[in-house]
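Asker: Below are the structure tokens for one structure; questions will follow.
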């Protein structure tokens with residue numbers, strides 16, 4: 001059986017999704033897209049706004065700064081909301097990566113919502129847009 005036949009068979013079964021890179025994963029593991037997060041009404045038990053300084057990202061070499069800035073945001077949310085299940089909105093990611101990997105922003109304003117299931121959703125604040 002060729003690879004394309006295997007992919008189509010997996011997709012027909014409905015148990016797994018096959019990405020463009022050829023990786024397969026279960027549907028329950030796939031993360032929601034920005035449109036899904038905005039359209040589905042998530043009931044937050046806690047909502048807060050934060051300003052996170054990303055200056056520690058500049059301690060690294062130029063080729064690792066934006067990656068480090070994303071990790072700083074995740075660690076900050078994990079520390080303040082006591083959860084490890086964090087979903088970053090694509091607009092947050094685009095804002096950090098907008099000036100390439102070498103020059104992430106020095107600070108970022110975010111809006112964080114926490115659900116009953118201890119899942120944190122991180123959005124870009126209205127002031128930053």
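Asker: Does residue 45 satisfy the condition of being in contact (Cβ under 8 Å) with a residue 40 or more places away in the chain and out of contact with any helix residue (DSSP H, G or I) (no Cβ under 9 Å at 6 or more places or on another chain)?
Answerer: On the way: in contact (Cβ under 8 Å) with a residue 40 or more places away in the chain: yes; out of contact with any helix residue (DSSP H, G or I) (no Cβ under 9 Å at 6 or more places or on another chain): yes.
So residue 45 passes the test.
Asker: Restricting to the range 78-90, name every residue that is touching a strand residue (DSSP E or B) at 6+ places or on another chain (Cβ under 8 Å) and assigned to a helix (DSSP H, G or I). Give the steps one after another, and end with the answer.
Answerer: Start the filter on the range 78-90 by keeping residues that are touching a strand residue (DSSP E or B) at 6+ places or on another chain (Cβ under 8 Å), which leaves 78, 80-81, 83, 85-89.
Within the range 78-90, 78, 80, 81 meet the criteria.
Asker: Here is a follow-up. Can you name the residue in the range 59-77 that is without any contact (Cβ under 8 Å) to a residue 12 or more places away in the chain and in a helix (DSSP H, G or I) and, of all such residues, is farthest from residue 94 (Cα to Cα)? Steps first, please.
Answerer: Quick first cut of the range 59-77, residues without any contact (Cβ under 8 Å) to a residue 12 or more places away in the chain only: 59-61, 71, 75.
When the remaining residues are screened for being in a helix (DSSP H, G or I), the result is 59, 71, 75.
Working: 59: 21, 71: 14, 75: 18 Å.
This residue is 59.
Asker: Quick check on my filter: what residues within the range 36-58 are in a helix (DSSP H, G or I), more than 15 Å from residue 124 (Cβ to Cβ) and at pLDDT below 85?
Answerer: Let us first name the residues in the range 36-58 that are in a helix (DSSP H, G or I), namely 36-39, 55-58.
Of the ones still in play, those that are also more than 15 Å from residue 124 (Cβ to Cβ) are 36, 39, 55-58.
Result: 36, 39.
Asker: Let me ask you something else. Please go through the range 106-119 and give me each residue that is touching a residue at least 40 places away in the same chain (Cβ under 8 Å) and more than 29 Å from residue 62 (Cα to Cα), ordered by number. Don't jump to the end; show me each part of the working.
Answerer: Applying the first criterion (touching a residue at least 40 places away in the same chain (Cβ under 8 Å)) to the range 106-119 yields 106-116.
Scanning the range 106-119 gives 113, 114, 115, 116.
The values are calculated or read from the model by the stated rules, or taken from the named source; none is laboratory data. Values in this document were obtained by computation on a predicted structure and should not be read as measured data. Cβ atoms come from the backbone with ideal geometry, glycine included; neighbour counts cover every protein chain shown.
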